[in-house]
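Have a look at the structure below, then the notes.
Just so you know, all these numbers are worked out from the coordinates, no wet-lab data involved. Everything numeric here is computed off the predicted structure, so don't read it as measured data. All Cβ positions, glycine included, derive from the backbone under ideal geometry; neighbour counts span all protein chains shown.
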Ligand code: PLP
């Protein structure tokens with residue numbers, strides 16, 4: 001019997017591993033040693049790490065010597081935010097209500113006062129409110145760490161980083177960007193930008209989970225979370241995982257060929273049309289603003305996401321209800337709440353995210369399953385509570 005077809009439309013949670021990344025990891029796992037040892041074995045591993053660092057820094061337009069490997073983007077984010085506060089460099093943290101929990105929780109843990117600026121109903125950070133917080137901080141003689149995301153993981157909305165950078169031009173404030181969902185997909189010029197620190201994650205660019213990176217400017221060199229044995233030039237203690245880092249580096253090298261944003265955006269456009277055709281009452285979040293052409297967050301009134309997701313899964317389609325959450329259960333999205341989406345509609349929110357493996361045939365299959373899931377709504381089986 002042929003295996004049942006599966007279509008994976010949850011790339012924002014974790015993108016399928018690129019074959020080169022898998023091979024690079026297997027090659028490194030066959031090696032012996034510690035990359036911090038000076039003997040031949042150690043040096044062979046060190047070379048894999050440094051090659052990966054070069055590839056990742058290049059993709060971000062960052063300086064290789066200020067690209068620090070971490071155990072995840074969450075750790076990189078925490079290093080940036082908690083590290084800055086702990087170093088006594090900032091008096092206040094300003095973030096937004098639409099951030100990933102990794103940012104919100106790090107801000108909470110940092111120990112400095114936190115301001116959260118709102119999102120518009122389209123999911124865009126309110127830069128006027130942000131400017132006001134900065135002006136107030138200037139008046140109070142405070143140094144602020146602005147911690148915001150680039151591309152929203154749930155809605156795909158692209159934040160106005162240019163405007164935020166302009167607000168901070170000619171000031172001493174710090175700017176941290178959670179670049180996880182934009183990295184490798186949109187052009188990034190970290191070194192030339194006003195951004196002081198940016199966090200990225202390997203598994204969002206078709207590398208392995210469990211490794212991330214923090215790009216830093218010189219003035220952030222002392223923002224350390226894990227001093228440990230002084231690895232990563234004293235910026236992140238702990239023996240580096242050469243295998244995961246090599247997989248990350250290979251993914252960064254291969255992504256440009258594998259990930260064609262124009263092709264993927266066209267497929268995403270088809271998904272959007274299918275939703276509009278089969279569920280004309282569906283709401284597509286952030287549709288009026290600039291979004292990355294990989295992501296659609298939508299809700300079909302009356303079709304509860306918890307039930308719909310099971311229907312999609314049984315039908316062979318993997319998608320998600322907002323972000324992938326650690327507990328594996330469907331919880332209400334704080335991002336949609338920040339966009340003022342009514343609770344009843346937020347309970348129906350689903351996220352489709354496409355990537356390098358997605359094909360036309362996948363979208364045709366998605367349509368079939370969508371139609372059968374929508375039929376459940378008509379029969380009342382998928383009704384929202
Ligand atoms: N920031 C954003 C925007 C994300 O989408 C994610 C992952 O879901 C993270 C941070 C956390 O990344 P990691 O899984 O590497 O800790």
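With the convex hull of its Cα atoms as the shape, the stretch 161-226 has an orientation-averaged projected area of 5.1 nm². Against the main long axis of the alpha-carbon atoms of the chain, helix 261-278 sits at an angle near 30°.
In terms of overall dimensions, the stretch 177-298 has a Cα radius of gyration and Dmax of 18.4, 58 angstrom. Dividing the summed -39500 (n - 2.57) terms of all DSSP H runs of n ≥ 4 by the residue count of the chain sets its mean residue ellipticity at 222 nm at -12500 deg cm²/dmol. The length gained by stretching the chain between residue 109 and residue 262 to full extension, at 0.36 nm per residue less their Cα-Cα distance, is 51.1 nm. The modelled label-to-label distance between residue 331 and residue 41, using points 7 Å beyond Cα along the C-beta direction, is 4.3 nm. For the chain, the Kirkwood hydrodynamic radius comes to 21.6 Å, computed from all pairs of different C-alpha atoms. As a proxy for reagent exposure, ranking 307, 67 by other Cβ atoms within 10 Å from fewest up yields 307, 67. Protection proxy ranking, highest mean first, for peptides 282-291, 261-270: 282-291, 261-270, where packing is the per-residue count of other beta-carbon atoms within 10 Å, averaged. Cα centroid separation, the stretch 64-103 to the stretch 185-244: 10 Å. The ellipsoid equivalent to the alpha-carbon distribution of the stretch 273-373 has semi-axes of 20, 16, 14 angstrom, derived from the gyration tensor eigenvalues as √(5λ) and listed largest first. Looking at the chain, the DSSP beta bridges with both ends there are about 55 percent antiparallel. Over all directions, average the projected area of the Cα convex hull of the stretch 253-322 and note it in nm². Spelled out: convex hull of the Cα atoms, projected over all directions, averaged, 5.9 nm². With one equal scatterer per alpha carbon and no solvent term, the Debye-computed log10 I(q)/I(0) for the stretch 1-110 at 0.12, 0.18, 0.21, 0.23 1/Å reads -0.69, -1.11, -1.21, -1.27.
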